[in-house]
Amino acid sequence: MNNKILIISACILLMTACSNKSSKTIDGEILATPLVTDSIAEALDYQLTHYPSSQYRDVYKNFMQDFFGPGHILADTAASGRYLRQELADDGPFDGPLYEKTGFKGNFYRVNLSLIKDGIVSYETFFPVFVESVQGIIPPSGEEWMKTWNLIDSVIIAKGMHFPDEDIDRKSLADQFTEGNYIVHHSRRFNDSVHFHYRIISRDNFEKILLPLIEKSK
């Protein structure tokens, strides 16, 4: 009887460990279930409703950020800190929402830098949370990501969505993909119309650390 209890306890501990591990990784391949395609369609509708100036590359970037996070701009932490301070010194508008989920899974949030400008969150709190957002994240392989993006793109096509300079963006992205480069910048059209200064923060870090500070300030 005692042996059975020990075995059951070990299984529970193993399941808990696996669950904790999976919560810190990002799914590589996404199956085209109705729930998934509906979630993708909802994310696309949100993008076009809130950012009607979006180009195809801007839509791609939103979904890409959901799976890759901010790792590409955190290769050099010191440089990332300098660039963040330079951006905060911008005298222009800091438009856009205070925060919003990325893509259709919401693995990350886009968090508006106006939170720092307006004193809601200190730089000393924000930057470590930003840096820690890449820890424990395992992005998909190139093959896995291409399967996921092809699924997303199939929903774009099925919805009959079209974007400014779409052919140019599609060609540019296709060239990047052949080189194994899946990271893109926003289009100039998007930046000029939105003025959205933000950083990508992991869902856990945002909801545990930054969101309570935002709620407290209301």
P(r) weight above 20 Å for segment 66-162, C-alpha pairs, percent: 50
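How long is the gain from residue 35 to residue 117 if the chain were fully straight, where each residue apart is worth 0.36 nm and the alpha carbon distance is subtracted? Walk me through the numbers on the way to the answer.
Details: separation 82, 0.36 × 82 = 29.52 nm, distance 3.83 nm.
Using 0.36 nm per residue and subtracting the Cα-Cα distance, I get 25.7 nm.
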Cut-off under 19 Å on the C-alpha distance; same-chain residues fewer than 8 positions from residue 171 excluded. Which aspartates and glutamates are left, in chain and number order? 58, 143, 153, 179
Could you quote the convex hull projected area for segment 73-130, Cα atoms only and averaged over all directions, in nm²? 4.5
On a straight-distance basis, which aspartates and glutamates could pair with residue 117 in a cross-link, Cα separation under 15 angstrom, same-chain partners fewer than 8 positions away excluded? 87, 90, 91, 95
If I model a spin label as a point 7 Å beyond the Cα along the Cα-Cβ vector, how far apart are those points for residue 131 and residue 154 in nm? 4.2
What nm value, rounded to one decimal, do you get for the distance between residue 192 and residue 91 when each label is placed 7 Å out toward the C-beta? 2.2
Name the aspartates and glutamates eligible as straight-distance cross-link partners of residue 147: C-alpha to C-alpha under 13 Å, and not fewer than 8 places from it in the same chain. 27, 29
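Computed from the coordinates by the stated procedures, all read-outs in this text should not be read as laboratory data. Note that the structure is predicted; figures quoted are calculated from it, not measured. Cβ coordinates were reconstructed from backbone atoms using ideal geometry, including for glycine residues, and neighbour counts include every protein chain displayed.
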